[in-house]
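The values are calculated or read from the model by the stated rules, or taken from the named source; none is laboratory data. Values in this document were obtained by computation on a predicted structure and should not be read as measured data. Positions of Cβ are backbone-derived with ideal geometry, glycine not excepted, and every protein chain shown enters the neighbour counts. The accessibility values were calculated without ligands, DNA or RNA, using every heavy atom of the protein model including side chains. Shrake-Rupley method; radii C 1.70, N 1.55, O 1.52, S 1.80 Å.
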Amino acid sequence: MTFCSVFLLLFLILLFSSFEQSVSISSGSQRVILRSIINENSKDGDFAIDLNATNFDSVLKETPAPFAIVEFFAHWCPACRNYKPQYEKVARLFNGADASHPGIILMTRVDCASTINSKLCDKFSVDRYPMLFWGPPKKFVSGGWVPKQGKSEIIPIESGRTADVLLGWINKQLGSSYGLDDGKYENEHLQTNTSDPGQIAKAIYDVEEATSTAFSIILDHKMIKPETRASLIKFLQLLVAHHPSRRCRKGSADVLVNFDDLCPSSTMLVNNEEAESCSKNGVLENYQICGKEVPRGYWMYCRGSKNDTRGFSCGLWILLHSLSVRVEDGESNMAFRSTCDFIHNFFVCEECRQHFYEMCSSVSTPFKKARDFALWLWRAHNKVNERLIKEEASLGTGDPEFPKAIWPPKQQCSSCYLSPSKTSKENSKIDWDENEVFKFLVSYYGKELVTLYKESEQRGSGQTEKIVAEELVASTNAVVVPVGAALAIAVASCAFGALAYIWRSRQKNRKYKYIYSLKNI
């Protein structure tokens, strides 16, 4: 059975399951998290995230932070009010875009005086205020705590009544030396062992961050115009089908299904009306392509040792690589063209955009295999790195902890390098075993990248084709969506360019009989 047949079958399954299943998750459950929460849900000067019974499990389940602190309090309690400034001094270090040490601890609070939280507070045996607990976020999900219980990963914090004491307790737990006066992060505790294959698992959050950031840039700069509209639609189709993040597949489908209504075709508009209507502060502003919880304002895998290095460009490269190893053969050239057009029309670094366009223009023969597209992108990335190695060395602008290098290094993929006897001496060029390189790309940007999303699955290494098949199935089977979005996924996956065009054209001539909203998924 071909991959296209598999996707069409999956579409039918999703179609029937949408009628048979009632998926009801409150808007507060899937769509609130770190960035929260600073800008939308927090009061002035608040950094700790306010949780309640409706979003407690979802926020703690979705956070990328490895640790969490939950403060149970009552708003009428004088001691709680007096403690709040102390708690906030510590929360400032870990929560929000300007945090000194983002992505390490999610600091939250629950008001037990609110009736909606009564059962939640009972589950954690809250008998005094304030009461603090520490543990891995997922251990709080559907969990609880009782005094004198056996071994538990949820630990009550008995000595944290001032900011200094609480931070000292945290430092003891982590073996760290954080201080209340720490400024915005410079990553003194950054893990720099990029050869560790487990590090890429953190990048799933950076891919979400990069996707959301790119979408925001497009809106901020009013870049959706008659001449760029088609390239954005094609790239959205690629994201719907193959983005490694469930949240971003959902959000991209939401935008794609409603795109004609949100940004009518240029024939219906004059002057710059389309760019204005689709821009920031326009209709598309209400559509978060990866959910309201993204962007979080910081990076994990792509975090540089300095604030102005790595970040968005690193996240965008990982997104493109992850897409390249998920497409099937019949989509390879369409995915290549969609990627090139997207960078050409929407990447705001002019020099980088021009260099990428030149590399795209040098391809004269259409790609027939997904392998060819993945390897072309890999070669293009190394070509960019070769150029930047020289520039950054001469100007001193590189990241000292993450200097540009030809990738992957031998310690990460020794089989990617041919034996010394077969290595070309001319110009010190590396002789690659491209079959091994492709296997590495598929594994690294496929299976390992989504590790955090598939913690419960134990998948063997297997053959490259098997890994690709598993990841393609995961791209569509991970979500139960309404009929229109499922069709968008199926169409985008099977020759998503031409077929999606036909599908989208039909949507212009009829009104939807449903409202596809992530709030109801």
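Okay, here's what the table says:
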{"read-out": "Charge dipole magnitude, Cβ of K and R +1, D and E -1 - region 75-140, Cα centre, debye nearest 20", "value": "80 debye"}
{"read-out": "Magnitude of the charge dipole, region 49-174, Cβ model with Lys/Arg +1 and Asp/Glu -1, debye to 20", "value": "240 debye"}
{"read-out": "Links that overshoot a 30 Å alpha carbon limit, given the list 225/306; 139/404; 119/250; 61/234; 84/148; 225/390", "value": "225/306; 139/404; 119/250; 61/234; 225/390"}
{"read-out": "Under 16 Å from the residue 158 label point (7 Å along Cα→beta-carbon), backbone N, region 105-146", "value": "127-128, 131-134, 146"}
{"read-out": "Whether region 49-174 is rounded, prolate or oblate, judged on the alpha carbon gyration tensor where a/c under 1.5 counts as rounded", "value": "rounded"}
{"read-out": "Modelled label reach - residue 308, point 7 Å along Cα→Cβ, region 343-364 residues with backbone N closer than 19 Å", "value": "348-352"}
{"read-out": "Whole-Hz ³J(HN,Hα) from phi, Karplus 6.51 cos²θ - 1.76 cosθ + 1.60, for region 54-68, glycine and proline x", "value": "7, 10, 4, 5, 5, 5, 5, 6, 8, 5, x, 5, x, 9, 9"}
{"read-out": "Dipole of region 49-174, positive direction: furthest Cα of 149, 118, 108, with charges on the beta-carbon", "value": "149"}
{"read-out": "Selection from 130, 53, 159, by position along the positive dipole direction of region 49-174 (Cβ)", "value": "159"}
{"read-out": "Length gained when the stretch residue 415-residue 430 is fully extended (0.36 nm per residue, less Cα-Cα span)", "value": "4.1 nm"}
{"read-out": "Residue 148-residue 261 pseudo-label distance in nm [points 7 Å out on the Cα-to-Cβ vector]", "value": "6.0 nm"}
{"read-out": "Antiparallel bridges, percent of DSSP beta bridges restricted to region 49-174 (to nearest 5)", "value": "45 percent"}
{"read-out": "Accessible surface of region 49-174 [probe 1.4 Å, protein heavy atoms]: carbon and sulfur percent", "value": "54 percent"}
{"read-out": "Gain in span if fully extended, residue 391 to residue 52, counting 0.36 nm per residue against the direct Cα distance", "value": "117.0 nm"}
{"read-out": "Proximal charge balance of residue 141 [Cβ under 9 Å; K/R count +1, D/E count -1]", "value": "+2"}
{"read-out": "In range of the label at residue 113: residues from region 76-98 whose backbone nitrogen is under 12 Å from the point 7 Å along Cα→Cβ", "value": "76-82"}
{"read-out": "Residue-span extension gain [residue 358 to residue 128] - 0.36 nm each, minus C-alpha spacing", "value": "76.3 nm"}
